[in-house]
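Taken together, the values in this text are just the output of simple stated rules run on the coordinates, not laboratory data. Bear in mind the structure is a predicted one, so any value in this text is a computation, not a measurement. FYI the Cβ positions are ideal-geometry reconstructions off the backbone, even for glycines, and counts take in every protein chain you see.
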Amino acid sequence: MNVHSSVNAPKPGCNLHERKGGRSHKMTIPKLRLAQAAMSEPGTKVADLCKELAITRQTLYRYVTPKGQLRPDGTKFLERV
């Protein structure tokens, strides 16, 4: 009998892909949609948008391109939620 097999085995009924805690996402679906719409407008000031959404510039550009299109992280976020 392998001693470690019972230690590493998942608990019955436990979903391995669920989040089990940690910090919640600053980006939400409504914020992401608003960011997409705002970034597609040519006169959008990124600093003002970030302040309104209460996110950093880095978080904004992680999910949305400067043209307002979704980046891979944005698409992944929408699929996950």
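Being crowded, with 17+ Cβ neighbours inside 10 Å, part of a helix (DSSP H, G or I) and basic (Lys, Arg), is that true of even one residue in the stretch 35-56?
Looking only at the stretch 35-56, we keep the residues that are crowded, with 17+ Cβ neighbours inside 10 Å, and these are 35-36, 38-39, 49-50, 53, 55.
So of that shortlist, the ones also part of a helix (DSSP H, G or I) come out as 35-36, 38-39, 49-50, 53.
Narrowing further to those that are basic (Lys, Arg): none.
No - not one qualifying residue is present in the stretch 35-56.
Between a residue in the stretch 29-52 that is farther than 14 Å from Leu70 by Cα and any residue that is in a helix (DSSP H, G or I) and of a type in the set (Gly, Ala, Ser), which pairs come within a Cβ distance under 8 Å, given they are 6 or more apart or on different chains?
Matching pairs, first to second residue: Thr44/Ala38; Leu49/Ala35; Leu49/Ala38.
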